[in-house]
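First comes the structure, then the notes that go with it.
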Amino acid sequence: MRLPLKLALIIFAAILVAVFLSSFLIFSFSPPPIDQVIILFVLILILIILPITFVLWMYLQKIIVKPILSFNSISKIISSGNLGKRIEIFSKDEIGELGQNINTIIGHLVGAFQNMAFSLRNEKNKEKQLAVSLAQLRVEKAKDEALLGSMGDSVIAISQDKKILVFNKAASKLTGFTSTEALNKPYADVLKIINEKEGIPADEFIANAFTGIGENKSKHLAVLTKNRGAIPVSYSAGLIYDAKGSVISVIVVLRDITQERQLERMKDEFVSIASHELRTPMSAIKSLISMIFEGDFGAVNEGLKDPLSDVAKATERLIQLVNDVLDVSRIEAGRLKIMISDVPVIELVAEVVKLMQILAGEKGIKIVVEPIGQEIVRTDPKKVKEILNNLIGNALKFTDKGQITVFARKSGNFLNISVADSGIGIAKQDQPKLFTKFSQISADRLVRPLGTGLGLYISREFVRKLGGDLWLEYSEVDRGSIFTFSLPLVANNMVVLNNN
Amino acid sequence: MKKILIVEDDPIILKIYQSKFKLSGFEVISATNGEEGIEKAQKQRPDFIILDLMMPKVSGADVLKKIYENPEIENTPVGILTVVPIDSSNIPTHIVDKITFYWIKDEIKPSDVLEDVKEFLS
């Protein structure tokens, strides 16, 4: 790269030397006057320097000014943002190297810019995703709030440090505290749960929930409200876990059961009224018919006997239906009362069979009691008679020929009493429905007077209340069925209760 | 002639039992509410009282209490004739023990009641 410059200098020096040498030679032979020499010398000098300066200027123009001008224009283009432009390299000298370096710098700059743009794009995308997630979260939160707000049950979330995290509208309505008054306060300051009967604090189910102790729901609780006194509630507590599975809060759900209580009272009243108002006139009909048949109102016209006996049967069914419904109502309200005494089973069986024998006789069926012995059971004799009545009554209803057998077997501390018949039996698909309320064997198999469909349900509830159970031991279509119930035996070392 | 007091607010039931006992030769007095029942029990000294439980104003349980509180009539035998099972009758246990019969109206016939009373009084 330095070669042209050196060459130029050598040529220039050679010319100078040539000029001096020729001048010297000329002057040494015939020296001119001094002023002419000076003029000549200046002329020569001008003649030599001018072209050299021109050549030099041209040369410098080519190797320095042009690239610098190109640098300038390109740098303007680049600074205006067009990073695709590059400096054109004219030479391999320092200026060319400078241009190359500038190109490299621009290359790096472009890379850096590209990286930056890429990161920026990523950040933007992330921001967008975040905004979407946030919007989704807001929607979910709004949904939760709407759900909690519209719920009729009070929902209260309590944190590990026993402070209230969530307090929905229903909770405000129930307790009288606004959510602002309740949130972040210790729950014991807001939620005053008491035992309904004793009036003492009874909120241990909340603390127990944190430790995972389940609660039996038998207690009647009430919430002591801000200004409405105690309100009876039903309650439950559930846990919320974090991703690691540790408990973060307890959700307490309370329901104001004032209305349910009123309904319960109304139902009780209704049952009581129904009991009295329905059974009294029915008993009047039953009594009058019995008196007519007994001749209390004179001899009965033969033609009237049949319709009158139908009236009597229909009345009996009606009485049975009302009493069954009342029994179900008592069972479901938990008001089934039993009066326990120790009785020999044989007495109960004999008493019921004696009554049922008449009905069986009318159908030409025999009721056979296998020897039972003097086993004594601790039970409610009236209820046991009702159970036997129901089982033997069912057997009679579904048996047209053969016999009904009553037998008892000891089984541990229980006496199993069975009623077997040779009747139509119960199909496999009908068996699971036997003990459900109002269930009856499908009507197409059975064209005969139906009962209430409550008998077996009531009987089983009675037996269970008496400490035993009732089940279908055997049944096959057209061969008959065996129903068995168990009663606790009075052990030898137990005090025998008074029979009354 | 044995005297029987029937305390019953339902006129048909009352009529039924009146005629059943009259036909059997009893002297029948009747009361249609608890108050009247107590009054007639005190004044007329029946040999037997048939008493309904659910009556307006003074209930059968209150009548029973009054009878057993009064030394002059406390030994009068009483048979309860009701549709209310004994376990939900609200009669105090010590009084339940003194009751002679407990009949459920739709489970028995008037002739059963008559037989029970006749047998008891004989």
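Brief remarks on what is shown
- Rounded Å value of the spacing that divides the Cα centres of the range A:451-468 and the range A:419-441: 14
- Karplus (6.51, -1.76, 1.60) ³J(HN,Hα), θ = phi - 60°, over the range A:481-491, in Hz, Gly and Pro reported as x: 9, 10, 9, 10, 10, 10, 10, x, 7, 7, 5
- Subset of A:Lys337/A:Lys385; A:Lys305/B:Lys20; B:Lys2/B:Lys57; A:Lys197/B:Lys57 violating a 22 Å alpha-carbon distance limit: B:Lys2/B:Lys57; A:Lys197/B:Lys57
- Counting Cβ atoms of other protein chains within 10 Å of each Cβ in B:20-28 and taking the mean gives 1.
- Cβ neighbours within 10 Å from other chains - mean over A:271-279: 3
- DSSP H segments from chain A that extend 27 Å or more along their own axis, Cα-based, with Kyte-Doolittle mean of -0.5 or above: A:3-29, A:34-60, A:94-150, A:258-293, A:302-332
- Taking the centroid of alpha carbons for each part, the range A:251-310 and the range A:14-88 are 140 Å apart.
- Checked against a 29 Å cut-off, the cross-linked pairs B:Lys22/B:Lys98; B:Lys3/B:Lys98; A:Lys313/B:Lys66 give Cα-Cα distances beyond that limit for A:Lys313/B:Lys66.
- Label-point gap, in nm, between A:Glu277 and A:Glu123 - each point 7 angstrom along Cα→Cβ: 8.1
- Counting, for every residue in B:82-89, the Cβ atoms of other protein chains within 10 Å of its Cβ and taking the mean gives 5.
- Calculated FRET value between A:Leu472 and A:Asn413, using beta carbons and R₀ = 22 Å, to 0.05: 0.50
- Lys/Arg +1, Asp/Glu -1 at C-beta; chain A dipole; positive extreme among A:Ala170, A:Ala117, A:Asn389: A:Ala117
- Among A:Gln431, A:Pro51, B:Gly60 - extreme Cα towards positive end, dipole of the protein assembly as shown, charges at beta-carbon: A:Pro51
- For the range A:232-265, the residues whose amide N sits under 19 Å from a probe point set 7 Å from the Cα of A:Ser133 along the beta carbon direction are A:242-244.
- Whether chain B is rounded, prolate or oblate, judged on the alpha carbon gyration tensor where a/c under 1.5 counts as rounded: rounded
- Efficiency of FRET from Cβ geometry, A:Ser341 and A:Ser309, R₀ 51 Å, rounded to 0.05: 0.90
- Shape of the range A:73-153, Cα gyration tensor, a/c cut at 1.5: prolate
- If both residues of a DSSP beta bridge must be in the protein assembly as shown, then about 70% of such bridges are antiparallel.
- Put simply, when B:50-59, A:328-337 are sorted by average Cβ atoms within 10 angstrom per residue, most first, you get B:50-59, A:328-337.
- Taking the charge dipole of the protein assembly as shown about its Cα centre, with +1 at Lys and Arg Cβ atoms and -1 at Asp and Glu Cβ atoms, the residue from B:Val113, A:Ile340, A:Pro232 reaching farthest to the positive side is A:Pro232.
- Pairs of alpha carbons in the protein assembly as shown whose separation is greater than 33 Å (percent): 71
- In straight-distance terms, cross-link reach from A:Lys92 covers every one of the lysines whose alpha-carbon lies under 17 Å from its own, apart from those fewer than eight places away in the same chain; here that gives A:Lys6, A:Lys62, A:Lys66.
- With both labels modelled 7 Å from their Cα along Cα-to-Cβ, the A:Glu204 to A:Asn115 distance reads 6.7 nm.
- In this simple spin-label approximation, A:Phe293 and A:Lys244 carry label points 7 Å from Cα along the Cα→Cβ vector, and these lie 8.1 nm apart.
- Assuming charge only on the beta carbon of Lys and Arg (+1) and of Asp and Glu (-1), the dipole of the range A:331-394 about its Cα centre is about 180 debye to the nearest 20.
- Extension gain for the segment A:Asn72 to A:Ile48, taken as residue separation times 0.36 nm less the Cα-Cα distance, is 5.2 nm to one decimal.
- Residues with amide H under 5 Å from that of B:Val7, placed H, sequence gap 5 or more: B:Ala31, B:Ile50, B:Leu51, B:Asp52
- Amide H to amide H, with H built 1.01 Å from N, B:Lys2 comes under 5 Å of B:Glu27, counting only residues 5 or more places away or on other chains.
- Estimated FRET transfer efficiency (B:Thr100, A:Phe438; beta-carbon r; R0 41 Å; 0.05): 0.55
- Partners for A:Lys143 among lysines (Cα-Cα distance below 30 Å; same-chain residues under 8 apart left out): A:Lys124, A:Lys126, A:Lys128, A:Lys162, A:Lys163, A:Lys169, A:Lys173, A:Lys185, A:Lys192, A:Lys226, A:Lys244
- Taking Cα centre as origin and charging only the Cβ of basic (Lys, Arg, +1) and acidic (Asp, Glu, -1) residues, the dipole magnitude of chain A rounds to 1640 debye.
- The charge dipole of the range A:60-157, taken about the Cα centre with unit charges on the Cβ atoms of Lys, Arg (+1) and Asp, Glu (-1), comes to about 480 debye, rounded to the nearest 20.
Read-outs: derived from the displayed coordinates by stated rules, not from any lab. If you're wondering where the values come from, they're calculated on a predicted model, not measured in any experiment. Positions of Cβ are generated from backbone atoms using ideal geometry, with glycine treated the same way; all protein chains shown enter the neighbour counts.
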